[in-house]
Amino acid sequence: MSLNTEHRTPNTTSRKVALITGAGRGIGLGIAQCLAKDGCDIVVCDIHEESVVAEALQSLRALGAAVLYCKADVTNAPARQQMIEAIKARFGRLHVLVNNAGVAPKVRADILEATEESFERLMKINLQGPYFLTQAAANWMVAQKKADPAYWGCIINISSMSSSVASVSRGDYCISKAGISMATKLWATRLGEFDIPAYEIQPGIIKTDMTSTVQAKYDKLIGEGILLQARWGFPEDIGRVAASLVRGDLAYSTGQVIMVDGGFTVQRL
Ligand code: NAD
């Protein structure tokens, strides 16, 4: 490994291209909008037909971004590869991968009763898919870096405070997110020599379709003071942090975890 003695700032000679999974709505769309505002071109990956996410794509184009939509399930290896090929064909470059797509269990079940079927579903979508998509993107990023020393890219994993906070009614979700935390460390370690940082954002309670089924529960908890900042988080709260990472504001902080949880995980006495 050679010693890197130069101070590098992210390459600004061309517009950055960012692939965000699950960006048809929710946190992923919030991230895509913040990156588009910052001058990135955007690849939206989601499982829906393009017509379902047309409004989301239009909102990104209205911000000046060139947008490519890839209907791809992150659990499907050929679909992941086709998506990488589609990005190569359209943009010829990729600077940012945001692993955002994820699901909650269909039923919140006590770990004394929860099923293996739910466990396997969450591991595939929340952990295995993003892990191997990162592998594909990372190989391309390394090739870009070797071809152009000024190239700068990064990986951002959207895990959850559930990677460290135990919820016994969704153990499968917690374990999948804890796995993402280790994946962040692994990719940060492997890609360090190429100066390609890997970061993790841990959202707290964010208002999206995912949390709409538990809105009353969280309204009550927030009202009772579970957070230091007594409000729901919004997709833009996550998007602004992602934009700061993509700008290179934390270029020398690979492997770091950024909590965006309104202070939920601050221990109090
Ligand atoms: P959401 O359900 O509103 O959006 C998730 C998006 O991912 C959807 O558009 C969905 O179609 C897409 N998706 C699902 N499975 C996919 C697959 N296999 N391949 C490609 N796309 C897929 O959820 P959200 O609240 O925006 O959550 C986004 C991420 O943030 C998830 O990883 C979630 O675990 C995490 N998170 C959410 C919260 C929260 O409070 N909402 C908190 C912590 C972490």
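The values are calculated or read from the model by the stated rules, or taken from the named source; none is laboratory data. The shown structure was predicted, so the numbers you read here are calculated from the model rather than taken from an experiment. Cβ atoms come from the backbone with ideal geometry, glycine included; neighbour counts cover every protein chain shown. Heavy atoms of the whole protein, side chains included, go into the accessibility calculation; ligands, DNA and RNA do not. Shrake-Rupley method; radii C 1.70, N 1.55, O 1.52, S 1.80 Å.
Numbers at a glance
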read-out: Carbon and sulfur %, accessible surface of the stretch 2-260 computed with the full protein complex present, 1.4 Å; value: 53 percent
read-out: Whole-number accessible area per residue in Å² for the stretch 176-269, which is evaluated in the context of all protein chains at 1.4 Å; value: 52 Å²
read-out: Lys, Arg +1 and Asp, Glu -1 on Cβ, resulting dipole of the chain about Cα centre, debye, nearest 20; value: 420 debye
read-out: Contour minus Cα-Cα distance for ALA77 and ASP249 (0.36 nm per residue); value: 58.6 nm
read-out: Rounded FRET efficiency, nearest 0.05, which uses the C-beta distance separating GLU120 from GLN256 and R0 of 30 Å; value: 0.50
read-out: Ordering of 194-204, 170-180 by burial proxy (mean other Cβ atoms within 10 Å per residue, highest first); value: 194-204, 170-180
read-out: Sites ALA216 and GLU236, calculated FRET efficiency, Cβ-Cβ separation with R0 22 Å, nearest 0.05; value: 0.40
read-out: Cα-based reach from LYS16 at 23 Å (exclusive), listing lysines while leaving out same-chain residues under 8 positions away; value: LYS37, LYS71, LYS88, LYS145, LYS146
read-out: Heavy atoms of LYS124 accessible to a 1.4 Å probe, total area in Å² rounded to 10; value: 90 Å²
read-out: With Cα atoms, 0 to 90° folded angle of helix 171-191 axis to the chain main axis; value: 20 degrees
read-out: Cβ-derived FRET efficiency at R0 30 Å, GLN267 paired with LYS106, nearest 0.05; value: 0.40
